[in-house]
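Coordinate-derived values only; no laboratory data. All figures in this text were calculated on a predicted structure; none of them were measured in a lab. Note: ideal-geometry Cβ built from the backbone for every residue, glycine included; neighbour counts use all protein chains shown.
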C-alpha cells in the first residue's frame, strides 16, 4: 500500500524532534503546540486554527498533561488523518511524521489566510483553538487584507442624499471624463457606487472621493490630521489642522500645511527667482498620497498623521505594510490594500500604479541633496520620516530679499517665504495682530517668541513707540 501524500517516511530524518520530544511534551500545550489522544473530528479545526496563526505541531497519541498513550500509526490511520486535513480550505501542506507510537503533524503558518474547515473558521489563541464569530471573522479578514474596504457598498450612503457635486466635477475634469456622461454610470464604472436595498449607494471609495462631509463622524477617522510641534517631541502644539473633506482635497491641503511650516529657499536666475522647499515637495506629496491610499480604513481608532517637528517630518498611517511586502521586496513590488482608491488617484495623475513611489521619494531627496526618507516597516503603523536641517546650521533667516537680485544665482537668501512677505507687509506701521494674521499662525505666544522678537533683535523691524513695548498703540515697521 502506498504512503498517503505529505508523509515524511524515514524516521531517521527526524532525529532532532525525536531527541527534543520529552522537552516539547513537558512544556505542555501552547500557541504552537496541541496534544490529542486520538485523531477525532476536531482535528481539522485544530489544524485550521494553527494555520491561521503562527503554525505549529499537533501531537496525536498524547494526553493534555503531556503523557504519551500512543495511537494507531498504520498506513490506514495516516490515510484517514490525511483525509481529515484535506477538508481544510484552501489546500494546506501538512507534514505527517511517525515517532514510535505517536503521530506528529507539522502545520505551517498558512500563506493564504484565512483557512476554514467544515465547522467554520478557527484561530489559535494560547493553548486553545477558538471558533470565530461573524465579527471576529470580519476583523480577521481585514487584518489579513482579504477584504477591501474601498469596494464595500454603503447602503446608508445613497448617492441622492450625500453627493458632493463640486468634488465630482473637479475629479472628472482632472480625469478627462466627459461631464455629459450619465453620472451614475460614471460612478459605477469607477467602482464608486452600486445597488444596495434597491438604492444607488456609494462604495466606501466613492464616499471618500465624492460624499458631502456634513460633519460625518462615520468618516472622520478617514481624514488627515496635521500638527506642528515646538521642538522634537509631541508636547507643545503650535498649529493644528484637521482635514475632513474629500480625499483629494485632504491630500492637497496636507501638502499646503507642510509648505506653510517648512522653510523655503530661493535661487536667483537673472530676473527670475526659483522657490525651493527645504524638503523635496514631490516626495512629501508622494508620501501623503501613499498614506491616504494604503491606510487601514477599517481601523477607526487611528488617523493618518502629518507631523512637523524641528528636526523632521513624520507622515504616518495605520495598517503597517500590507501582507506580501517585506524588507526584501519593499519598494520593488506593488500590492494595494485599497485598489479602488489607488486606481482613482492614478486616473487623475496623482500616482502611478507601477509601485515606483518609494524610488521616486528617494530619488527626489538625492536630487535636492537632503537625507533620503526613512521608512518604518515594523508594527501596526507605517511611517515615512524626512529629516530636516537644524535651523542653527541653516543660512540666516533674516536676509533681506530686497537685495536678492544682486546676489549670486546659487545663493540661498532666506528659508521662509512668509518671513519675506511679512517684512514687505510691514513697510508701513502694523499692529502685532495684523502682522500675526498676515504671517498665518494662530498662537500669539509663538508669534511673539519665534517671529516678532528675532526680527526686532536683528533690527529688521522696529517699534514706533520704543519706550512703551506693551502699548495698545504700538506699531511695528520695517527698518
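The simple Förster model, with R0 at 45 Å and r as the Cβ-Cβ distance, assigns residue 155 and residue 450 a FRET efficiency of 0.35.
Efficiency by 1/(1 + (r/R0)^6): what FRET value for residue 125 and residue 377, r their Cβ-Cβ distance, R0 = 22 Å, to the nearest 0.05? According to the calculation, E is roughly 0.25. Each of the peptides 463-472, 116-125, 425-434 was scored by the mean count of other Cβ atoms within 10 Å over its residues; in descending order, highest first, they stand as 116-125, 425-434, 463-472.
In plain terms, the chain from residue 346 to residue 179 could stretch by 58.2 nm, reckoned as 0.36 nm per residue minus the Cα-Cα distance. Taking label points 7 Å from Cα along the Cα-to-Cβ direction, residue 72 and residue 458 give a separation of 8.8 nm.
Where does each of 204-212, 255-263 land if you order them by average Cβ count within 10 Å, highest first?
Packing proxy ranking, top to bottom: 204-212, 255-263.
Each of residue 40 and residue 421 was given a label point 7 Å from its Cα along the Cα-to-Cβ line. The distance between the two points is 7.4 nm. Extension gain for residue 428 to residue 232 (0.36 nm times residue separation, less C-alpha to C-alpha distance): 66.9 nm.
Once both labels are positioned 7 Å from their Cα atoms along Cα-to-Cβ, the gap between residue 242 and residue 474 label points is 3.4 nm. Each peptide in 98-111, 303-316 was scored by the mean count of other Cβ atoms within 10 Å over its residues; highest first, the order is 303-316, 98-111.
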